[in-house]
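The values are calculated or read from the model by the stated rules, or taken from the named source; none is laboratory data. A quick note: this is a predicted structure, and the numbers were derived from the prediction, not measured. FYI the Cβ positions are ideal-geometry reconstructions off the backbone, even for glycines, and counts take in every protein chain you see. The accessibility values were calculated without ligands, DNA or RNA, using every heavy atom of the protein model including side chains. Shrake-Rupley method; radii C 1.70, N 1.55, O 1.52, S 1.80 Å.
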Amino acid sequence: MKHRTQPIKDSYNRRIDYLRVSITDKCNLKCVYCMPSKGLTYFKESEVLTDEEIVRFVRIAHTHGLRKVRITGGEPLVRKNIIQLVASLKEIGIRDLSLTTNGILLSTLAGDLKQAGLDRVNISLDTMDAKVYRKITKEGDIARVWESIREAERVNLTPVKINVVPIRGLNDGEISSFASLTFEKNYHIRFIEFMPANCNGIWAKDKCVSSAEIMQQISGLGNLERLTFKGRGPSRNFRFKGAAGVIGIISPLSDHFCGYCNRLRLTADGKIRPCLFSREEIDIKTPMREGVSDDAMEKLFFRAVKIKPQRHLLNEDPASGGHLKTMSKIGG
Ligand code: SAM
Ligand code: SF4
């Protein structure tokens, strides 16, 4: 197998150099917009990819220009041997290795994760109010999340990015407070539009806070400058003049970013998902367990890249996300 220096391109000339790997569908929280409160079943342990299987696939993708890996879930920090898995992924030579977490367990693991080679973290926090936090997450203790944010900063899992999903009537009154944190702290506050995953029936178009509305709410706080970063991503980034941190807006619905999407997803049960909203997935677990060669695995990777759709249709038809499994099953 040859090692490419340039990332592979898909059918629409997009460079595919980013993989989001969901390593578990289990979670220690039950956020209302992510986990159904009733009827959720988890993958059996035997259905979930092993560390070796994940590492093997990432190694093959890396030979075709994979540069960035984000570990997600479910809650990735509930997986056994997470430190060893991070170390094995970093050893492959992944340049940018990050992890998205709810922050409940991070404060005790942050130092070891950094040592194992993790570069940075995204921590999900939708509110600064302890009661609202419990309402959103069902059982979460917000103090532990703040402790994790501080610990992530201390051990240099930076820049610490904070994911906020504004939902009308729940936490949309806190958009300015989150944005204001960036005046003093080098946090990247990322507002993510509420997406219509198949969850608790709570999604409705009027519950989503659009990027335009977020901009309107925060523009009075200071002079916002547009930033351009190296690399490509879904986030449109801004900084208040003189502020330490950054504000990112991710708006898959009101302003989709498919034209420069650079990612594939790997689900915990071993399927490559070319797009978050794909109906088609490519099973890599069964062939791996049947003993296929690396060359055959490589072909499955190429196929996933090839069938990556040009764009999703959520903007025109939010119901087209209705087939979507809960985010905790795919890795949001
Ligand atoms: N458990 C980890 C966490 O909460 O950060 C990682 C997995 S979680 C599925 C990843 C991200 O997806 C979180 O930032 C969460 O807020 C986001 N998410 C989940 N459901 C969502 C939805 N319906 N719309 C937008 N974002 C969602
Ligand atoms: Fe768990 Fe993250 Fe989903 Fe919340 S958003 S239920 S923390 S996987």
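Quick one: how many Å² of Thr50 are accessible to a 1.4 Å probe, rounded to 10?
50 Å²
Round to the nearest 0.05 the FRET efficiency obtained for Arg144 and Asp283 when R0 = 56 Å and r is the Cβ-Cβ distance.
Between Arg144 and Asp283 the formula returns 0.95.
On full extension of the chain, what length is gained from Gln310 through Asn237, given 0.36 nm per residue of separation minus the C-alpha to C-alpha distance? Present the calculation step by step, with values, prior to reporting the outcome.
Details: separation 73, 0.36 × 73 = 26.28 nm, distance 2.34 nm.
My answer for the length gained is 23.9 nm.
Just the accessible area for Trp146, please: 1.4 Å probe, Å², rounded to the nearest 10?
60 Å²
How big is the antiparallel share of DSSP beta bridges in the chain, given as a percent to the nearest 5?
35 percent
How much length, in nm to one decimal, is gained on full extension between Arg226 and Gln6, taken as 0.36 nm per residue of separation minus their Cα-Cα distance?
76.3 nm
At 1.4 Å probe size, with every protein chain present, just tell me what the per residue accessible area of the range 39-149 comes to in Å². Before the final figure, lay out the partial values.
Working: 4530 Å² over 111 residues.
Value returned for the range 39-149: 41 Å² of accessible area per residue.
Just how much of Lys285 is accessible, in Å², when a 1.4 Å probe is used and the result is rounded to the nearest 10?
30 Å²
Could you work out the Kirkwood radius for the chain, taking every pair of different alpha carbons, averaging 1/r and inverting it, reported in Å?
20.2 Å
Please give the length that would be gained between Asp295 and Glu184 if that part of the chain were fully extended, namely 0.36 nm times their separation in residues minus their C-alpha to C-alpha distance (nm, one decimal).
On the way: separation 111, 0.36 × 111 = 39.96 nm, distance 5.04 nm.
Contour length minus Cα-Cα distance gives 34.9 nm.
Which one, Leu40, Gly169, Ser293, projects farthest toward the positive side of the charge dipole computed for the range 15-329 from Cβ point charges (K/R +1, D/E -1)?
Ser293
Which sequence of Met35, Met327 reflects their accessible areas, 1.4 Å probe, from the largest down?
Ranked list, largest accessible area first: Met327, Met35.
Calculate what fraction, in whole %, of the accessible area of the chain sits on carbon and sulfur atoms when a 1.4 Å probe is rolled over the protein chains.
So the carbon and sulfur contribution to the accessible surface is 49 percent.
For each pair in Lys90/Lys114; Lys161/Lys271; Lys26/Lys135; Lys161/Lys241, compute the distance between the two Cα atoms and list the pairs where it is over 21 Å.
The answer is Lys161/Lys271.
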